[in-house]
Amino acid sequence: MQLSKLSGSVLSGLHCFLIAADQMSFTRAAEILCLTQSAVSHKIKNLEDVLDVQLFIRQHRKLVLTDEGLRLKQVLATNFGDIIHEIRDLKSSELSGDLTISVPPTFAQTWLVPRLTSFIDKYPNVRIHLRTRNDLVDFQTESYDCAIYFGNGIYPSLAVDKLLEESMFPVCSHDYALKYQLYHQPENLIHCLLLHDAAPWARAGRNDEWQFWAQHFKVILPDNGCTFDRADLAIKAAATGMGVAMARQSFVAEQLATSRLVSPFDMTVNSAHSYYVVCRKDMQTSPKIKAFKDWLLSEINM
């Protein structure tokens, strides 16, 4: 292949290929890249045409890497993340340009987004690109600058700064609490419908938060429940009178203050997990990332 063919579209195709090869799915790659499935397929087909080599064997509902595709994936996985971040670092001497951040969905909705205006006011030349997801970012293959995780803080390959500790307690509507006689009687939870955040942190079990709380207070829980893939949906269901959700303080402060939700027991436990901001170790001195981390900490300490 001639060097003149190495255009921006080829680099974009290589990045798209790496994500698809890592996920072994055009559909999942499209979700990560915020593209359509057909756009991902088109980018990879163009890349195959430019390279004059087949990278995937497309089977029914299944992708298989060719030997050439496997070789290319191994090379890109080692080097592509470095290339992306080196290019970004060259452009980051001033507080301007793009800042792409991964954030858990409910934390983004209830805590981060309502505060983002103050960051934009302070750094008007920085363009925020916020993407919500519960799983961890692969900083080697995905073009994120930083991420906010809810977890145990052990991320060996990353620079980690603790942002916010969290506390947990059950919440429901006032009418639901009256119906099931929950006020000051946690033993009556056995008759209730529990509402679970099925993904409170990466690789968590669907009822891990409820079990952590129940074990701390020695409360027997019913063997039932409905699950949601976002905490805000479980909390919204609780507010409508569907059941009882396990809430984090940062998610429900406003709804408790307006009585849309109640906490029927004075039984709050500190979560075993906290919020952390993470990035690649070689990117922690980036002015944009440092400014964002400093701003987060200032908002927390207000």
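The values are calculated or read from the model by the stated rules, or taken from the named source; none is laboratory data. In this text, all values refer to a predicted model and were calculated from it rather than measured experimentally. In this analysis, Cβ positions are derived from the backbone assuming ideal geometry, glycine residues included, and neighbour counts consider all displayed protein chains. Side chains are part of the model used for accessible areas, which takes the heavy atoms of the whole protein and leaves out ligands, DNA and RNA. Shrake-Rupley method; radii C 1.70, N 1.55, O 1.52, S 1.80 Å.
Sorting SER96, SER274 by accessible area puts them as SER96, SER274; the probe is 1.4 Å, largest comes first, and only protein heavy atoms count.
Seen from HIS273, the other residues with C-beta closer than 14 Å to its C-beta sum to a net charge of -2, counting Lys and Arg as +1 and Asp and Glu as -1.
Report relative contact order for the chain in percent, whole number only (criteria: Cα-Cα under 8 Å, sequence separation at least 6).
Working: 476 pairs, mean separation 63.8, N = 302.
It comes to 21 percent, rounded to a whole number.
Note on the stretch 107-203: Kirkwood hydrodynamic radius from all Cα pairs is 17.3 Å, rounded to one decimal.
In debye to the nearest 20, how big a dipole does the chain give about its Cα centre with +1 on each Lys and Arg Cβ and -1 on each Asp and Glu Cβ?
Numbers: 30 positive and 33 negative charges, 83 e Å.
Rounded to the nearest 20 debye, it is 400 debye.
Among GLN215, GLN284, GLN181, the largest mean-square fluctuation in a Gaussian network model of the chain (Cα springs under 10 Å) belongs to GLN215. Sequence-ordered 3J(HN,Hα) estimates for the stretch 14-19 from the Karplus curve with 6.51, -1.76 and 1.60 and θ = phi - 60° stand at 5, 5, 4, 4, 4, 5 Hz, glycine and proline given as x. Sequentially through the stretch 112-117, phi angles give Karplus couplings (6.51, -1.76, 1.60; θ = phi - 60°) of 6, 4, x, 9, 5, 4 Hz, Gly and Pro residues having no value and appearing as x.
Could you state the per residue volume, in Å³, of the convex hull enclosing the Cα atoms of the chain? Write down the numbers at each step before the final one.
Details: hull volume 46.9 nm³, N = 302.
Roughly 155 Å³ of hull volume per residue.
Per-residue 3J(HN,Hα) values for the stretch 135-152, derived from phi via the Karplus relation 6.51 cos²θ - 1.76 cosθ + 1.60 with θ = phi - 60°, read 7, 7, 8, 8, 5, 6, 10, 10, 8, 9, 7, 7, 8, 10, 10, 9, x, 8 Hz in sequence order (x marks Gly and Pro).
For the stretch 167-270, the alpha-carbon coordinates run over 35, 28, 24 Å along the three principal axes, in decreasing order. What is the list of residues in the stretch 263-277 whose amide nitrogen lies under 17 Å from a point 7 angstrom out from the Cα of PHE217, following Cα to Cβ? Residues 263-272 fall inside that zone. A helix-only calculation puts the chain at -12000 deg cm²/dmol for mean residue ellipticity at 222 nm, using -39500 (n - 2.57) for each DSSP H run of at least four residues, averaged over all residues.
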